[in-house]
Amino acid sequence: MKCEPTKVPSPEEIDIEAIKEKYTEERNKRIRPDGQKQYVKTKEEFSEEYLHDPHTPVEPRDPISEDLEVAILGTGWSGILAAYHLKKAGVTDFRNIDHGGDWGGVWYWNRYPGIQCDNDAYCYLPLLEETGFMPSKKYSDGFEIYDYFKIIEKKFSLGEKALFHTLITGLRWDEEIKRWRISTNRGDEIRAKFVIMANGLLNIPKLPKIPGIHEFKGKMFHTSRWEYDYTGGSYRSPVLDKLKDKKVAIIGTGATAIQAIPYLGKYAKQVYVLQRTPSPVDQRNNNPTDPEWAASLKPGWQKERMANFHRAALEGRFQPGEEDLVGDFWTEITRNLMAEIRAEGREDEISIEEYYGRRDTMDYQVMERMRRRVESLIEDKDTAEALKVWYRFLCKRPLSNDDYYDTFNRPNVKLIDVSGTQGVECMTERGFIANGEEYDIDCMIFASGFEVTSDLDRRWGIDTFEGRDGISIYDHWKYGYKTLHGTMTSNFPNQFFIGYYQGGVNATTTEQYGGQAAHSAYIIKEALARGYSAVEPSQEAEEAYVKHIRETAVDISEFQAQCPPSYYNNEGQKVKGEDGELKFRNFLGEPYGLGWDAFEKLLADWREKGDLEGLKTE
C-alpha cells in the first residue's frame, strides 16, 4: 500500500521567523548550568536499586576462573549480534556476560506497562529472514521483542555459556599473558583473549538529583525496574489494580513515559505528570501484520526496507521514483517533500541547496501540524499549551501513541509544567514541591531515561578499565574518541567497541550494530587463524582515520544549539575537545559524514584486501 503525504499547514499559514524566536525562548528557559550533574550517579547513590532485579531472582553460583577466547560484555542487541557473527565466522569459544537476568539488554530491563518498539519492527528486529520470524504488528510489544531474543539465541545456539546477573567491575590488559583480566561482582576471574564491548546505549538508568530525594518515605522506582508487586498487574497483562487508592507522580514525558502514562491514568487514583520538555506524539497506526503482505515478500526484503527507511529518516531523500515503505513520523518530512517535488515534475533537476532549504521549511510545517494536533485532542487550553512542542524535528525523539493525549482529559490526571523551575524543586517526606506547591503522593516513578551522552565512566559504570601500561580508557578518550573504523583503539589490544563512536550511522540501530559486529568478528577470526596474540590500531592509522572522520564530518552544531536540553545534546552542555574547543556531544558519537553506504564500502574494501592494514600485530 502506498504511503501518502500528510496534511500539513502551508508555509504561508505559519510565521517561521516568529516560530524560530519561540524555539529559542523555550530552549533558553530549560537550559541548566549543571548539565549532566543535574543527575545522580545511580550506581553510587542508588546502588541497591541499580543492582536490584525485580524480574528474575538472582541465583547463587560459584566464582568462575577461566581462559576464554572472546568475552562479549552485554546481551542486548549488540551482544547477541556479536555472538551471532562470531559463530557465523567460525569462532565458538565465547561467553556473553550481563548484569541482567536474561537476554534482551534494555528489552530485558524495560517492562513497564504499555512498552512497545517506537520504530518499525520490520526494520528494527534483526535477522527476520534468517530466523523466519515475522512481527505480529508494525510496532512490536516489548514482550514480543524480549521473546524474539530467545528465538535468535535458540536457533543459532548462542547462549550455552552466557553469564547473567554478573556485573563487570574491572577490565585490565595483562601484557604478560596477552589477555584481558575481567573481574565481576560475583568474584569471577576471566582471562579473555578478545573483548567485545557490547554494553549498549541504554545501559545505566538516569535519576534526577532532586533535593530531598532521600527524604521521601513513599515508594520510588525507575521505569526500567518497574515494580508490579506494588502496582499490580504483570509485564504481559499490565492491569495496575493496586494503584486504585494511590496518588502517583511520574517524572518525564519521553519515549517511556508516553507509553506508561495512559496505564497510570486508567488505574491510579491520582496521577501527576511532571514535565520539563514535551515530546511530539503522533498517531500510532499500529496495524497487525497483513499475512498476504508477509507472504508476498521476496528474499532480501528486510535489507531493502532498512535501506529505504535509512534514506527517508536519516539521509532525508529518496532515490528517483522510490516510494516510502515505512510511512511513519520518522519518514514524514521526506515523504511530504518528495511528493511536492514530484508533483512539480522537478525530481531530477532540483538542486541540493534548494532541496534541503525546502526540507527545513517542511520541518516547520510538520511541527506546526503536531501543535495543532495537541489543540484538537486536549480539552484544557493550559494543558494543551504546555504539551505543545517548540523545537525542530529530531531535537527530541519523535514518538507515537493513540492514548497519551486523551489521558490528560481524565479528571484524575494533572500535568505539572516544571520548565519554569527547570525541573522539580525538591522532594519531601510526603511528596514533592513544584512551582511552590507541595503535592502529597504515595509513589514517585522516574521515567528519566538512561546515561546516553554523559561521561564514559557514568555511561559504562566499570570502575577500572585499563589498557597497555595501565592507561585508562576514561583518560584515553577524555577529549573525544580515537579509533580505527570506530571499533578499535590504540593501546587497547584485542578490544572491540559496538555502538556510537566513530563510524557509519544507520537509521536502524540493529543494522548498524550488526555491521560493527561482523567487522569485529572478521578481525578476530583472522587474528586467530594467523596466530596473532594481539592486534590493535597503529598510531598512524588511527590518526589518519580520525583526521578523515573529522574532515568529512557534517557540522550539526547550529542545529544542536537550537534544541532544548536532552540526551541528544548532552543536556545542552558543551564539552572540551582535544583542540580545546567547546563542542556539543552528540549521542551518535562522530558519524561518518559520507554516509552509511560509503562507510560500509570502506570497511568491505578493507576486508577484501585481507592484509589488516593499519593494525599492529604480535
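Scanning for something in a loop (DSSP other than H, G, I, E, B), modelled with pLDDT of 95 or more and surrounded by 17 or more Cβ atoms within 10 Å (Cβ to Cβ), does the stretch 334-344 turn up at least one residue?
Within the stretch 334-344 (the criterion being in a loop (DSSP other than H, G, I, E, B), modelled with pLDDT of 95 or more and surrounded by 17 or more Cβ atoms within 10 Å (Cβ to Cβ)), the answer is no, since none of the residues qualifies.
Tell me, yes or no, whether the stretch 263-270 has at least one residue that is buried (at least 18 other Cβ atoms within 10 Å of the Cβ), in contact (Cβ under 8 Å) with a residue 60 or more places away in the chain, outside any helix (DSSP H, G or I) and in contact with a strand residue (DSSP E or B) (Cβ under 7 Å, 6 or more places away or on another chain).
yes
Checking TYR139 against (1) more than 24 Å from the chain's Cα centre (by Cα); (2) in a loop (DSSP other than H, G, I, E, B), only one condition comes out false. Which one?
The single condition TYR139 does not satisfy is (1).
Inspect all residues belonging to the stretch 338-350 and state whether any of them is of a type in the set (A, V, I, L, M) and in contact with a Pro (Cβ under 7 Å, 6 or more places away or on another chain).
yes
What about SER448, is it in a loop (DSSP other than H, G, I, E, B) and either at pLDDT 95 or above or open to solvent by less than 40 Å² (accessible area, probe 1.4 Å) (or both)?
yes
What number of residues in the stretch 150-166 are under 30 Å from ARG458 (Cα atoms) and in contact with a helix residue (DSSP H, G or I) (Cβ under 7 Å, 6 or more places away or on another chain)?
The total comes to 3.
So in the stretch 16-61, with the set limited to residues that are open to solvent by less than 30 Å² (accessible area, probe 1.4 Å), assigned to a helix (DSSP H, G or I) and within 29 Å of ARG225 (Cα to Cα), which one is modelled with the highest pLDDT?
Going through the qualifying residues, I end up with ARG30.
If we only count strands (runs of 3 or more DSSP E) wholly inside the stretch 530-618, which ones have 2 or more residues that are open to solvent by less than 70 Å² (accessible area, probe 1.4 Å)?
Per the criteria, 535-537, 615-617.
Taking ARG181 as meeting all but one of (1) open to solvent by less than 10 Å² (accessible area, probe 1.4 Å); (2) free of Cβ contacts under 8 Å to residues at least 12 places away in the same chain; (3) of a type outside the set (Val, Ile, Thr), write down the number of the exception.
If we test ARG181 against (1) open to solvent by less than 10 Å² (accessible area, probe 1.4 Å); (2) free of Cβ contacts under 8 Å to residues at least 12 places away in the same chain; (3) of a type outside the set (Val, Ile, Thr), just (1) comes out false.
Select from the stretch 92-108 the residues that are aromatic (Phe, Trp, Tyr) and open to solvent by less than 20 Å² (accessible area, probe 1.4 Å) and list them in ascending order.
Once the filter is applied, which keeps residues that are aromatic (Phe, Trp, Tyr) and open to solvent by less than 20 Å² (accessible area, probe 1.4 Å), the stretch 92-108 yields PHE94, TRP103, TYR108.
Of the residues ASP348, ASP360, only one is part of a helix (DSSP H, G or I), surrounded by fewer than 18 Cβ atoms within 10 Å (Cβ to Cβ) and on the phi < 0 side of the Ramachandran plot; which?
Step by step, each of ASP348, ASP360 is checked, and only ASP360 is part of a helix (DSSP H, G or I), surrounded by fewer than 18 Cβ atoms within 10 Å (Cβ to Cβ) and on the phi < 0 side of the Ramachandran plot.
Keeping to the stretch 273-316, report how many residues are acidic (Asp, Glu) and either in contact (Cβ under 8 Å) with a residue 60 or more places away in the chain or closer than 21 Å to PHE393 by Cα (or both).
Count: 2.
Residues checked against (1) among the polar types (S, T, N, Q); (2) more than 18 Å from VAL273 (Cα to Cα):
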position: GLN319; (1), (2): yes, yes
position: THR334; (1), (2): yes, yes
position: ILE341; (1), (2): no, yes
position: ALA386; (1), (2): no, no
position: TYR405; (1), (2): no, no
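Take the conditions open to solvent by less than 50 Å² (accessible area, probe 1.4 Å) and more than 23 Å from GLY420 (Cβ to Cβ) and apply them to LEU274. Does it pass?
no
Does LYS298 count as buried (at least 18 other Cβ atoms within 10 Å of the Cβ) and modelled with pLDDT of 95 or more?
For LYS298, the condition - buried (at least 18 other Cβ atoms within 10 Å of the Cβ) and modelled with pLDDT of 95 or more - is not met.
Identify all residues within the stretch 211-226 that are closer than 12 Å to PHE446 by Cβ and either under 26 Å from the mean Cα position of the chain (by Cα) or open to solvent by less than 30 Å² (accessible area, probe 1.4 Å) (or both); write none if there are none.
ILE213, PHE216, MET220, PHE221, HIS222, THR223, SER224, ARG225, TRP226
Kindly indicate the residue of the stretch 401-426 that is open to solvent by 10 Å² or more (accessible area, probe 1.4 Å) and not in a loop (DSSP other than H, G, I, E, B) and also farthest from PRO262 (Cα to Cα) among those meeting that condition.
CYS426
Restricting to the stretch 427-444, what's the tally of residues that are outside any strand (DSSP E or B) and hydrophobic (A, V, I, L, M, F, W, C)?
1
Output the number of the condition that ASN506 fails; it satisfies all remaining conditions of (1) in a helix (DSSP H, G or I); (2) of a type in the set (S, T, N, Q); (3) buried (at least 22 other Cβ atoms within 10 Å of the Cβ).
Result: ASN506 passes all but (1).
Which is in a helix (DSSP H, G or I), open to solvent by 60 Å² or more (accessible area, probe 1.4 Å) and within 30 Å of ASP597 (Cβ to Cβ), of LEU314, LEU325?
LEU314
May I ask you to verify whether GLU153 is among the acidic types (Asp, Glu) and in contact (Cβ under 8 Å) with a residue 40 or more places away in the chain?
So GLU153 fits the description; yes.
Can you say whether LEU377 is in contact with an Asp or Glu (Cβ under 9 Å, 6 or more places away or on another chain) and modelled with pLDDT under 95, as far as the supplied structure shows?
No; evaluated as a whole, the condition is false for this residue.
The values are calculated or read from the model by the stated rules, or taken from the named source; none is laboratory data. Fair warning: this is a prediction, and the values are worked out from it, not measured in the lab. A quick note on method: Cβ atoms are made from the backbone with ideal geometry, for glycine too, and the neighbour counts reach across all protein chains shown. For accessibility, only protein heavy atoms count, side chains too; no ligands or nucleic acids. Shrake-Rupley method; radii C 1.70, N 1.55, O 1.52, S 1.80 Å.
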